[in-house]
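Structure record follows, encoded as structure tokens.
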Amino acid sequence: MTVTEPAPSEAELERHFEHTIAKDQRIEPRDWVPEAYRKTMIRQIAQHAHSEIIGMQPEGNWITRAPSLRRKAILLAKVQDEAGHGLYLYSAAETLGGDRDDMTEKLISGRQKYSSIFNYPTLSFADVGVIGWLVDGAAICNQVPLCRSSYGPYARAMIRICKEESFHQRQGYELLMTMMSGTEQQREMVQDAVNRYWWPSLMMFGPPDDDSPNTAQSMAWKIKRHTNDELRQRFVDMTVPQAEALGVTLPDPDLAWNAERGHYDFGAIDWDELKQVISGGGPCNTERMERRRKAHEDGAWVREAAAAHARKQQQRKEVAA
Amino acid sequence: MTGEWPLYEVFVRGKRGLNHVHVGSLRAADDDMALHNARDLYTRRNEGVSIWVVKAADIAASSPDEKDPFFAPSGDKVYRHPTFYDIPENVPHM
């Protein structure tokens, strides 16, 4: 016998949603979710995907000039991973009804953002190492808690991404250790790259908590597990001993262990710089967007040809049947 | 546009002896491209020995709502579980 229940009211659906989150269970595709959750999640995942895709550019810049075949193979694998991460994430956003063409369009028209860090230039090969160590290190800090995001497909994509980020961070650190055991000039290149990337890496965690209006809602929905400042502090605490082991100086005179807090204190961050970079005024914003737009436009004929080929094959199959 | 490319769901067998498991999805123009893209996207580190791809539109799925009566028939049949039966402790191998 089939029992036909009346369709649940919106209030009931909402209670069910809240209950699932409260029990620390995952929301899955096709579950009822509040419209604001859906919108926020699509935007969060899309911006994360955009960051991975744009993130291919700064390092891709060095593939043809890698100093050895070993470094070139590693760098190729790493940049290919970034593309993969972007694709995991776009498909996760699609499970919420995000449209892939629409997301791409929003990226190249500047209506959706990507991580501020990729608007800085890569001036020497040491930057490749520092990006792996600091930028991917910061990304890992951000992303490990997101493996417990309340949205299932996003959490699962993050698990895969975090595993691969670990390779990214370690290859970067190893690259820097190799350079630090080289010539004086190579050590200077590493220190210079650290000087340029340290502060932008701290900015990757976003504005300070008292200027982050969406944090409370995101934490209630469990799509964000720690505040920006908590994650930033965790990153600083992790990184200081790594810098000591490497033999570089982090460019912050105020950086010091605070025994009372059990954390490192660090100097004031230039939030105006972050605002400027996010709103399009960073050193490479225009270049990154232009490159992405051109790649999309240049690839149009390939996408069309593949679709035409698929249609023809399908027609042939139908005729033969 | 990729809008013309259907969405495929990807299933990977991690190694012999295991089931294929859903790992995610991708867009591709046809089945061949879907398989190649799935290999490049989901098995860059020997994660699989076999891949299935299937158009998402071809999957029939139950409703996701847990209150759906679809699963009700198994809800009240505790006697289908071995723990339902009390067996004295001195009975071996059971």
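The values are calculated or read from the model by the stated rules, or taken from the named source; none is laboratory data. Given the structure is predicted, the values throughout are model-derived calculations rather than measurements. In this analysis, Cβ positions are derived from the backbone assuming ideal geometry, glycine residues included, and neighbour counts consider all displayed protein chains. Surface accessibility is based on the protein's heavy atoms, side chains included, excluding ligands, DNA and RNA. Shrake-Rupley method; radii C 1.70, N 1.55, O 1.52, S 1.80 Å.
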For this session: Sort out which residues of segment A:34-50 are touching a Gly at 6+ places or on another chain (Cβ under 8 Å) and open to solvent by 10 Å² or more (accessible area, probe 1.4 Å), and write them in order of number.
Result: A:R38, A:I42
Exercise. When B:L41 is evaluated against the numbered criteria (1) open to solvent by less than 30 Å² (accessible area, probe 1.4 Å); (2) outside any helix (DSSP H, G or I), which criterion, by number, is the only one it fails?
Worked result: (2)
Exercise. Does segment B:1-10 hold any residues that are open to solvent by less than 50 Å² (accessible area, probe 1.4 Å) and not in a helix (DSSP H, G or I), and which are they?
Worked result: B:W5, B:P6, B:L7, B:Y8, B:E9, B:V10
Problem set entry | Sole exception among (1) farther than 30 Å from A:I42 by Cβ; (2) open to solvent by 50 Å² or more (accessible area, probe 1.4 Å); (3) in contact (Cβ under 8 Å) with a residue 12 or more places away in the chain for A:V194, by number | (2)
Problem set entry | Condition met for B:K67 (among the basic types (K, R) and modelled with pLDDT under 90) | yes
For this session: Go through segment A:57-109 and give me each residue that's among the polar types (S, T, N, Q), more than 11 Å from every other protein chain (Cβ to nearest Cβ) and either in contact (Cβ under 8 Å) with a residue 60 or more places away in the chain or surrounded by 15 or more Cβ atoms within 10 Å (Cβ to Cβ) (or both).
Result: A:Q57, A:N61
For this session: Could you list all residues from segment A:278-312 that are surrounded by 14 or more Cβ atoms within 10 Å (Cβ to Cβ), closer than 17 Å to A:R111 by Cβ and of a type outside the set (D, E, K, R)?
Result: A:I278, A:N285, A:M289, A:H296
Exercise. Inside segment A:207-222, can you point out the residues that are under 23 Å from A:A155 (Cα atoms), open to solvent by less than 60 Å² (accessible area, probe 1.4 Å) and either part of a helix (DSSP H, G or I) or at pLDDT 95 or above (or both)?
Worked result: A:T215, A:S218, A:W221, A:K222
For this session: Tell me which residues, restricted to segment A:188-235, are under 21 Å from A:S149 (Cα atoms) and hydrophobic (A, V, I, L, M, F, W, C).
Result: A:M204, A:F205, A:A216, A:M219, A:A220, A:W221, A:I223, A:L231, A:F235
Exercise. So which residues in segment B:12-38 are open to solvent by 50 Å² or more (accessible area, probe 1.4 Å), touching a residue at least 24 places away in the same chain (Cβ under 8 Å) and more than 9 Å from chain A (Cβ to nearest Cβ)?
Worked result: B:R13, B:K15, B:R16
